[in-house]
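Undergrad: Have a look at this one.
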Amino acid sequence: MRKLIAALAVAAVVASVSSCGGKRTKAARLLENYALVTIPAPDLSGISDNGKEVLNLYRFASDQADAIYWQQNFGPKSTFDALEDSAEKEFAYVNYGPWNRIDGEPFIYGYGPKPLGACFYPADMTDEEFKALKDPAKESPYTIIRRKEDGSLEVVWYHDAYKEQVRKISDLLKAAADITIKESVRQYLLAKAEDVLTDNYLASEFAWQEMTDSKMDLVIGPGETIDDELYGIKASYGAYVLLKNEERTNLLRDVCADVPGLDPEFGSKVYSCDVIYYGGYPNAGYKNIGCNLSGNRAIIFDNIIREKFNRTVFPAGMLLFEGEDQAHLDANAFWWEIVFREIAKSMVEKNAALGNEALTFEKAEAHVLGALLSAQMVEGNHIGALITKQDVVATFIANTIRSTRFGFADATGRANLIVYNYLTEQGAISRKVSGKYVIDYAKTIAALEALNEAIKDIQAGGDYDAAVEFAGTYAFVPQAIQQDVVALELEKIPVDIRFEYEK
């Protein structure tokens, strides 16, 4: 499937010439697609001295999760420290390896395409070998597959494969538990400290759900399975260090009470936060702007949403839309769409029978259902913000188009391509010769409703062949998107953002 994205690289060659007429290296051009954003030092005026030390320990633990993720995605980070090309080095740090996460292709000479199974499986492992492996733990999200000296396969749990880093994470969490003044935090940290040593996360998940009285939060451990493009099984290590926004959280709770079909208990576990630090998977390539963990808690990243809208969504919409539709691009609409997308993740069906297509369909359904919920809640006056259903639709489409730039090497990019191509097929959006899009707002809502039902049917049926056929029909890069990519690059509108941290 990655070969289909190659046309994007060819089409974008025209954008690789700098304003002074000289050519940039491939890595330099790709790096410019990620706007450098400074995450300011957090306001800790309401945090005790103990709390500040706990935050430091959270960050140290996140660095260890980061080190594990390097091993899962590529190998030692130090491989790139001596690179003479500073852009290559920096872009390797962005991607956690020599492969562009958008297309899976190498941007450093000497590397071949990225293995579909990352470093979770031997690169030369065949499907027949995997199926013949008798250890049932091979199906666990928390194991890797290795070759033994005799060439046979063995299953290794994460806590053994990454023993040094896991032990440090456990020790740091115990140290944080010793000094926190919040009992719920102490219980969570102690549970997580034990769970990372066993790869059984049930106790810490329960404890985390009870940790509702802390201004700080730490999400750490194996999470998304997006990097396992081979079987869609293995979970990538990562971490978020967060500060809660109490006022926005209370607003979310009030709105969630009116969301149709949402479990009231889940509605009480939606949080608005600012991100202080990312480690591991969340920091690789494009940046997450919210997360829904095990359907137990949704977290909205306020500061990252704001940066994404200002640097990517809004300028993309201004370039690709005409005046009437430009007027409907709205930061509040974008914020609420992300809120409802994360809420929708707790409502969509997950079906492992869809294999390596499962995550693409989960993300596509969450995107679509989130947009529909947002439009419904706005129309029903359940949201205090002064936004319209047209604002929701236009902002959603601008975000969808710019997110198709994530390409085929990622489930998020494939999910957005499905949405884009379906809306185009239904006449909800059309692209003029000038490169500007025209939005039919009524048709867009109708098309999203139809797409939501089509995806739900595939999810409910667990039909892998149907999923592959549907993705084959809609998850492709049309010529219009190829042209959009060139236009966005010529205008230097970023694909996404990358971080530096203020000290």
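The values are calculated or read from the model by the stated rules, or taken from the named source; none is laboratory data. Remember, predicted model here, so these are calculated numbers, not experimental data. Cβ coordinates were reconstructed from backbone atoms using ideal geometry, including for glycine residues, and neighbour counts include every protein chain displayed.
Undergrad: Of these, 32, 88, which one is touching a helix residue (DSSP H, G or I) at 6+ places or on another chain (Cβ under 6 Å), charged (D, E, K, R) and either at pLDDT below 95 or closer than 27 Å to residue 407 by Cβ (or both)?
TA: After ruling out the rest, the residue left standing is 88.
Undergrad: While we're on this one: If we keep just the residues of segment 192-224 that are hydroxyl-bearing (Ser, Thr, Tyr) and farther than 30 Å from residue 360 by Cβ, which is modelled with the highest pLDDT?
TA: Residue satisfying both the conditions and the ranking: 198.
Undergrad: For segment 378-389, enumerate the residues that are touching a residue at least 60 places away in the same chain (Cβ under 8 Å) and in contact with a helix residue (DSSP H, G or I) (Cβ under 7 Å, 6 or more places away or on another chain).
TA: 382, 383, 388
Undergrad: May I pose another question? Is it true that some residue in segment 210-223 is in a helix (DSSP H, G or I), within 20 Å of residue 282 (Cβ to Cβ) and either without any contact (Cβ under 8 Å) to a residue 40 or more places away in the chain or among the hydroxyl-bearing types (Ser, Thr, Tyr) (or both)?
TA: No, segment 210-223 contains no residue that is in a helix (DSSP H, G or I), within 20 Å of residue 282 (Cβ to Cβ) and either without any contact (Cβ under 8 Å) to a residue 40 or more places away in the chain or among the hydroxyl-bearing types (Ser, Thr, Tyr) (or both).
Undergrad: Is it the case, given these coordinates, that residue 182 is of a type in the set (D, E, K, R), farther than 22 Å from residue 266 by Cα and out of contact with any Gly (no Cβ under 9 Å at 6 or more places or on another chain)?
TA: no
Undergrad: If I filter segment 181-191 for residues that are out of contact with any helix residue (DSSP H, G or I) (no Cβ under 7 Å at 6 or more places or on another chain), within 25 Å of residue 301 (Cα to Cα), assigned to a helix (DSSP H, G or I) and modelled with pLDDT under 95, do I get at least one hit?
TA: no
Undergrad: Another question, if that's okay. Identify all residues within segment 64-92 that are of a type outside the set (S, T, N, Q), within 17 Å of residue 223 (Cβ to Cβ) and surrounded by fewer than 21 Cβ atoms within 10 Å (Cβ to Cβ); write none if there are none.
TA: Within segment 64-92, 67 is the sole residue that qualifies.
Undergrad: Search segment 33-63 for residues being within 20 Å of the chain's Cα centre (by Cα) and among the small types (Gly, Ala, Ser), and hand back the single one that is surrounded by the fewest Cβ atoms within 10 Å (Cβ to Cβ).
TA: That would be 35.
Undergrad: Okay, next question. Just wondering, is there one or more residues in segment 320-330 that are under 17 Å from the mean Cα position of the chain (by Cα) and at pLDDT 95 or above?
TA: Checked segment 320-330: no residue is under 17 Å from the mean Cα position of the chain (by Cα) and at pLDDT 95 or above.
Undergrad: Given the structure, is residue 227 within 27 Å of residue 359 (Cα to Cα), among the acidic types (Asp, Glu), modelled with pLDDT of 90 or more and in contact with a strand residue (DSSP E or B) (Cβ under 7 Å, 6 or more places away or on another chain)?
TA: Criteria not met by residue 227.
Undergrad: Cβ-Cβ distance below 7 Å, separation of 6 or more or different chains: which pairs start in segment 467-485 with a residue that is of a type in the set (Gly, Ala, Ser) and end on one that is surrounded by fewer than 21 Cβ atoms within 10 Å (Cβ to Cβ) and not in a loop (DSSP other than H, G, I, E, B)?
TA: Short answer, once both residue conditions are applied: 480/431.
Undergrad: Working only within segment 433-458, note down all residues that are closer than 30 Å to residue 355 by Cβ and surrounded by fewer than 21 Cβ atoms within 10 Å (Cβ to Cβ).
TA: Within segment 433-458, 449, 450, 452, 453, 454, 456, 457 meet the criteria.
Undergrad: State all residues of segment 113-160 that are of a type in the set (S, T, N, Q), in a loop (DSSP other than H, G, I, E, B) and touching a residue at least 12 places away in the same chain (Cβ under 8 Å); if no residue qualifies, say none.
TA: 140 - this is the single residue of segment 113-160 that is of a type in the set (S, T, N, Q), in a loop (DSSP other than H, G, I, E, B) and touching a residue at least 12 places away in the same chain (Cβ under 8 Å).
Undergrad: Among the basic types (Lys, Arg), surrounded by fewer than 20 Cβ atoms within 10 Å (Cβ to Cβ) and more than 30 Å from residue 433 (Cα to Cα), is that true of residue 287?
TA: The answer is yes for residue 287.
Undergrad: Tell me yes or no: at least one residue of segment 362-374 is in contact with a Lys or Arg (Cβ under 9 Å, 6 or more places away or on another chain), in a helix (DSSP H, G or I) and of a type in the set (Asp, Glu).
TA: There is at least one residue in segment 362-374 that is in contact with a Lys or Arg (Cβ under 9 Å, 6 or more places away or on another chain), in a helix (DSSP H, G or I) and of a type in the set (Asp, Glu).
Undergrad: Inspect all residues belonging to segment 277-296 and state whether any of them is of a type in the set (A, V, I, L, M) and in a helix (DSSP H, G or I).
TA: Looking for residues that are of a type in the set (A, V, I, L, M) and in a helix (DSSP H, G or I), one finds none in segment 277-296, hence no.
Undergrad: Now, a different point. With respect to residue 339, is the statement that it is of a type in the set (Val, Ile, Thr) and not in a helix (DSSP H, G or I) true?
TA: No, not satisfied.
Undergrad: Any residue at all in segment 184-202 that's surrounded by 23 or more Cβ atoms within 10 Å (Cβ to Cβ), over 23 Å from the mean Cα position of the chain (by Cα) and hydroxyl-bearing (Ser, Thr, Tyr)?
TA: Yes, because at least one residue in segment 184-202 is surrounded by 23 or more Cβ atoms within 10 Å (Cβ to Cβ), over 23 Å from the mean Cα position of the chain (by Cα) and hydroxyl-bearing (Ser, Thr, Tyr).
Undergrad: Give segment 252-271 a look and list any residue that's farther than 15 Å from residue 374 by Cα and among the hydrophobic types (A, V, I, L, M, F, W, C), or say none.
TA: 266, 270
Undergrad: Any idea which of (1) assigned to a helix (DSSP H, G or I); (2) surrounded by fewer than 24 Cβ atoms within 10 Å (Cβ to Cβ) is the one residue 391 doesn't satisfy?
TA: Among (1) assigned to a helix (DSSP H, G or I); (2) surrounded by fewer than 24 Cβ atoms within 10 Å (Cβ to Cβ), residue 391 violates only (2).
Undergrad: How many residues does segment 250-275 contain that are without any contact (Cβ under 8 Å) to a residue 40 or more places away in the chain, surrounded by fewer than 18 Cβ atoms within 10 Å (Cβ to Cβ) and closer than 30 Å to residue 40 by Cα?
TA: Total meeting the criteria: 4.
Undergrad: Filter segment 457-490 down to residues that are of a type in the set (D, E, K, R) and modelled with pLDDT under 95 and give me whichever is farthest from the chain's Cα centre (by Cα). Give the steps one after another, and end with the answer.
TA: Here is the first cut: in segment 457-490, the residues of a type in the set (D, E, K, R) are 457, 463, 465, 469, 484, 489.
When the remaining residues are screened for being modelled with pLDDT under 95, the result is 463, 489.
Working: 463: 25, 489: 22 Å.
Per the stated criteria, the residue is 463.
Undergrad: Here is a further query. Run residue 169 past the list (1) β-branched (Val, Ile, Thr); (2) surrounded by fewer than 22 Cβ atoms within 10 Å (Cβ to Cβ); (3) under 18 Å from residue 64 (Cβ atoms) and report the number of the one that doesn't hold.
TA: Of (1) β-branched (Val, Ile, Thr); (2) surrounded by fewer than 22 Cβ atoms within 10 Å (Cβ to Cβ); (3) under 18 Å from residue 64 (Cβ atoms), only one is false for residue 169: (2).
Undergrad: Scan segment 290-312 and report the pairs whose first residue is among the aromatic types (Phe, Trp, Tyr) and whose second residue is in a helix (DSSP H, G or I), with Cβ atoms within less than 9 Å and a gap of 6+ or a chain change.
TA: 301/338; 309/331; 309/334; 309/335; 309/395; 309/399
Undergrad: Taking segment 397-420 only, how many residues are modelled with pLDDT under 95, in a helix (DSSP H, G or I) and hydrophobic (A, V, I, L, M, F, W, C)?
TA: 2
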